[in-house]
Each structure stands twice: as structure tokens, then as C-alpha cells.
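Undergrad: This structure is in C-alpha cells; I'll ask about it shortly.
The values are calculated or read from the model by the stated rules, or taken from the named source; none is laboratory data. Just so it is clear, the structure is predicted and the values come from calculations on it, not from any experiment. Cβ placement follows ideal geometry from the backbone for every residue including glycine, while neighbour counts extend to all protein chains displayed.
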Amino acid sequence: MASITIRNLDDEVKELLRRLAAENNRSMEEQARVMIRAAVDGQIGPGRIDQIERTLRELTSTHSAATPVAAPAGKILPPGMLSGKRILLIIGGGIAAYKALDLIRRLRERGAAVRVVMTAAAQEFITTLSVGALSADHVYTELFDRNDEHDVGHIRLSREADLLVVAPATADLMAKLANGHANDLASTVLIATDKPVLMAPAMNPRMWAHPATRRNRATLGKDGIGFVGPARGEMAESNEAGEGRMAEPLEIVAAIEALLEAGPKPLAGRKIIVTSGPTHEPIDPVRYIANRSSGKQGHAIAAALARLGADVRLVSGPVSIADPAGVKTIHVERAQEMRDAVEQLLPADAAIFVAAVADWRSENSAGEKIKKVAGEGPPVLRMVENPDILAGVGHHSQRPGLVVGFAAETQDLLRNAEAKLKKKGADFIVANDVSHESGIGPSGVMGGDRNRVRIVSKAGVEEWPEMTKDQVAARLAALIAERLKTTVV
Ligand SMILES: Cc1cc2nc3c(=O)[nH]c(=O)nc-3n(C[C@H](O)[C@H](O)[C@H](O)COP(=O)(O)O)c2cc1C
């Protein structure tokens, strides 16, 4: 078979191909071959690279004129799809505006129709052309638009939507809505609507921390505006980090699904505890022992359970991702705090222990920063064991009906998971290989976006294929719902 030269494709197509290849666990060449074969079978003659490129675009749906987008062949979409939902997306003028492009795509993949209003400032960051191409609709920018205002366009825009989403929500847009301003199309639509509104703020940490923004956030919360994020992390501006980073597009999608209550609710009335992230065990006031857990898998599971209607209580260690929408999140740092928070949340119908809890902590964390003293050498840390939260709940007098543990191992994965199942009183263990040899993505399982797990229970071992962490979460939530069906409330 002739070889395929990926570098001949333009960057946009290459990027789409890269994503699809990763999703389908194929090389880019293999993915291109599969798509070309499909294209050749049905639509085009051989050897027509320009048509193939066009077909690739169409197959990946970015340029399709249809609304909404159909899932590309072979692509697994998570449940809770937004089929038939109409989202009015307001894009504000912040650096995170580029993420709104991915958000449009993610929403349309799930079946939503997306109509977009852009502020004048937003158009300094991204173009109406790319937004229009992705949303497959006219992009609205003007309040006094001769074509639109004959039927009071700003009212119509809000009337024809099920939900308004502001992403990125600038400090300015928050201030305008909190104070009732309506001097452009975005702010007028926001104040004229009777539909739910979700804001995804994004701004410099100092803008987010400013008392004026804090006041506006509190006012908007009282007015019933929903929020997702912001998260902590690196800002696009160099040398800036802190709270203010816009929630990732998939987190915003999860928040939208939760708000629209899309999909079935088999977990309605069930209280579920989830732990997520690492723990930080202090050595002194500035140093701690941590691990590489990002919280992505645990947070995705919490969000997936909430989408199925569960009352989710998430106990999260220190992470840089946003609290999942529709979930009550309790933030802790140390293993002992995590244990106390979990025990206070009992009784519950189920508890899912995803957090990577430190096995040990320094026996005495110093009250002051430990100083280097010439001639004294390095300090010796005596470690003591941390509480085993999973085993504690697995054998607790108020043990939930379903207890699930996670086992992150670098060797003897199955043997360790089976031993953990017996020792900890869990119903099943979700085992994942976090070694460098796991073959999952350049960043591996810990911190990365993909996972390959095995479900280890008394009944045996079930292998799941490699998926995104969101897909693992959706499938696990469905499994938990199935298990809880047979448990009396
Ligand atoms: C380079 C640059 C980046 C900006 N990033 C943000 C941001 O991330 N968040 C924000 O609230 N404002 C940001 N601003 C300021 C807004 O663009 C400005 O307040 C504008 O008036 C917002 O208009 P809008 O709310 O109508 O979109 C930025 C400005 C510039 C010049």
C-alpha cells in the first residue's frame, strides 16, 4: 500500500487527524487510511488528495453546514448528550476566548445547536469567521442591527435558547450583569432573558480577587446565575498563576448537561461520596510530600455521577482543575483531613475512593521553615502511616452499600488490586497501570487525559479499552447505577 505523507495535509486537518487517531487508538497514518478507505468506498475517486482533505474535514465535521453535528464514525460519545438543546453562547473579550471554539465543537458533537453572540472585545481575540464556521450559524455582534432588530433580535435570541452560556465571562460582563447594565448586545441579551444562565469566568487572578469582582460574583450567585470555575493554574500571560483560569470546555459541557438535566437520572435520590486528587502532607509550613495525581479522573467521576442524578459529595485534595458543576465539593489538604471529611459525610449509598492518598506523612511537621544549618547535614524525616480511608469505610459500621477503591500500580497490577479488594472491604477495585510502560499518552495516566482500567471484583477481572478519563467516568457511573439498582435505599 502507498505510504501516506501526513505533513502534506494542512495544519488544521493534521490536528483533527491527530485527535481522531488518539481517540481511536490508531497511528495518524492508520486513521487516515481508514477514513480514506471509507471516503473512497462511498464518495470519491482514488488519488484525489484535495477531495480527501475535504472529506476529512467533513468526516470530522468542523465545516459541516448541518446543525447539529453527527458523531464521526467509530467515535464514542459520553452519555447525557445534548441532543436538540439550543445553547446561546456569549463570548467575552478575554484571552480564553480561543477555548470557546473548542466549546462550540464539543457542544455540537453532543447534539446541541449553538448560536453565538460575540462582544466587540471578543472579536479582538477570535474572528466571527471561525466562530461562524464552527457553529454553522450567523454570529451576532450588534445590538442595533438593521437586519435583526425588526423583530427585536435580542429578545428573540434569548427566546430561542434553552440556556445562555457566557464563556469566557469577563470581569466586565460580570460587572454589567450584576449591576443591570445593557449597553451592547451581550449585556442586553443577558438582562432580557428568562432562561438559565451559566458563566465560566476567566481573568487574571488579581482581577478575580478584586473586591469588586467578588461582590459581583456574590450578587450574580444570589440572582440565580450558575457558575463553572474558574480554576487555579497557569495564566496565558507569562509568570502568572493563581485562580482565574477558565474551566476547560469539557467541564463547561458537564455543567451545561447538569443545568439542563439532560439524560436519564438513574441515581436520583442516591448520596455518593467521591474522593479525588492527591494529598499534601506537610514537612514544614512551606514544604510538603505530594504525588502526581491531577484529580482529573476523580472529578470526572463525580461529574458523571451528578449527571445521572446523584447527590455527589466530592472530597478533593489540592488540584488545579475547577470544581465540577452540580457537585458539592469539600477541599482538604492532608490524608487525615480527607478521612475526617469522608466520615462526616456518612451515611451514604456509595463511596468511590479515587484520591491518591499519601500512605505516609512526616511524624512531626515543623512549625517553622526548616533551615539549612552548616555542618548539620540534611534533616531526617520520620514517617508514620496515614489512615487507610478506603479500609476504614469498607469496614465501617455505617458502610455504604457500595464501596469502590482505585488501585494505581506500577507493577503486579492485578495481584495488587486483588489483594486490595480482600483487605479493604471494597466491592470492586478499579485498577490502573500508572507506570511509564502503560503506553498511555505522552504524559501517562497520572496527570494525562486518558486511562485504561480493569474492574477487579470477586466475580473476576473485566478489562476496559483505553478511553478518555471522561469516558471511563461515564462508563463507571453507569456501572455504579447498575449496581445500586439492586441495593435498597
Ligand atoms: C490582551 C488582553 C487580555 C485580556 N484578558 C482578559 C481576561 O482574560 N478576562 C477579562 O475579564 N478581561 C480581559 N481583558 C480586558 C477585557 O478585554 C476588557 O475589559 C473588555 O472591555 C471586555 O469587554 P467585554 O466584557 O464586552 O467582552 C483583556 C484585555 C486585553 C487587552
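Undergrad: Within segment 159-189, restricting attention to residues that are more than 11 Å from the ligand (Cβ to nearest atom), of a type in the set (A, V, I, L, M) and not in a strand (DSSP E or B), which residue is surrounded by the most Cβ atoms within 10 Å (Cβ to Cβ)? Can you show your working first?
TA: As a first pass, look at segment 159-189 and keep what is more than 11 Å from the ligand (Cβ to nearest atom): 159-165, 167, 178-180, 182, 188-189.
Checking which are of a type in the set (A, V, I, L, M) leaves us with 161, 163-165, 167, 178, 182, 189.
Filter again for not in a strand (DSSP E or B), leaving 161, 178, 182, 189.
Details: 161: 21, 178: 20, 182: 16, 189: 26.
Out of the qualifying residues, it is 189.
Undergrad: While we're looking at this one, here's another question. Would you confirm, using the coordinates I've provided, whether residue 298 is crowded, with 23+ Cβ neighbours inside 10 Å and assigned by TED's automatic domain parsing to the domain that holds residue 424?
TA: Criteria met by residue 298.
Undergrad: Oh, and also: Take residue 241 and decide whether it is at pLDDT 80 or above, within 16 Å of the ligand (Cβ to nearest atom) and under 19 Å from residue 318 (Cβ atoms). Don't jump to the end; show me each part of the working.
TA: On the way: at pLDDT 80 or above: no; within 16 Å of the ligand (Cβ to nearest atom): yes; under 19 Å from residue 318 (Cβ atoms): yes.
Against the criterion (at pLDDT 80 or above, within 16 Å of the ligand (Cβ to nearest atom) and under 19 Å from residue 318 (Cβ atoms)), residue 241 does not qualify.
Undergrad: Still on this structure, please answer the following. In segment 100-127, which residues are charged (D, E, K, R) and crowded, with 24+ Cβ neighbours inside 10 Å?
TA: Across segment 100-127, the qualifying residue is only 108.
Undergrad: Would you confirm whether any residue within segment 198-209 is more than 12 Å from the ligand (Cβ to nearest atom) and in a loop (DSSP other than H, G, I, E, B)?
TA: No, there is no match, as no residue in segment 198-209 is more than 12 Å from the ligand (Cβ to nearest atom) and in a loop (DSSP other than H, G, I, E, B).
Undergrad: A further question on this structure: Can you name every residue in segment 180-212 that is acidic (Asp, Glu) and within 15 Å of residue 121 (Cβ to Cβ)?
TA: Across segment 180-212, the qualifying residue is only 184.
Undergrad: For segment 246-254, state whether one or more residues are more than 17 Å from the chain's Cα centre (by Cα) and either surrounded by fewer than 18 Cβ atoms within 10 Å (Cβ to Cβ) or of a type in the set (A, V, I, L, M) (or both).
TA: So far as segment 246-254 goes, no, none of its residues is more than 17 Å from the chain's Cα centre (by Cα) and either surrounded by fewer than 18 Cβ atoms within 10 Å (Cβ to Cβ) or of a type in the set (A, V, I, L, M) (or both).
Undergrad: If we scan segment 260-271, do we find a residue that is surrounded by fewer than 24 Cβ atoms within 10 Å (Cβ to Cβ) and part of a helix (DSSP H, G or I)?
TA: Looking through segment 260-271, at least one residue is surrounded by fewer than 24 Cβ atoms within 10 Å (Cβ to Cβ) and part of a helix (DSSP H, G or I).
Undergrad: A further question on this structure: Please verify whether residue 218 is assigned to a loop (DSSP other than H, G, I, E, B), among the small types (Gly, Ala, Ser) and away from the ligand (no atom under 16 Å from the Cβ), treating the condition exactly as stated.
TA: Against the criterion (assigned to a loop (DSSP other than H, G, I, E, B), among the small types (Gly, Ala, Ser) and away from the ligand (no atom under 16 Å from the Cβ)), residue 218 does not qualify.
Undergrad: Could you please find all residues in segment 107-141 being farther than 15 Å from residue 93 by Cα, in a helix (DSSP H, G or I) and of a type outside the set (Ser, Thr, Tyr)?
TA: 107, 108, 109, 129, 132, 133, 134
Undergrad: Going by what's in this entry, would residue 272 be described as over 20 Å from residue 177 (Cβ atoms), touching a helix residue (DSSP H, G or I) at 6+ places or on another chain (Cβ under 9 Å) and in contact (Cβ under 8 Å) with a residue 60 or more places away in the chain?
TA: yes
Residue-by-condition table, conditions (1) modelled with pLDDT under 90; (2) in the same structural domain as residue 200 (by TED's automatic domain parsing); (3) away from the ligand (no atom under 16 Å from the Cβ):
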site	(1), (2), (3)
91	no, yes, no
95	no, yes, no
99	no, yes, no
115	no, yes, yes
128	no, yes, no
143	yes, yes, no
147	yes, yes, yes
154	yes, yes, no
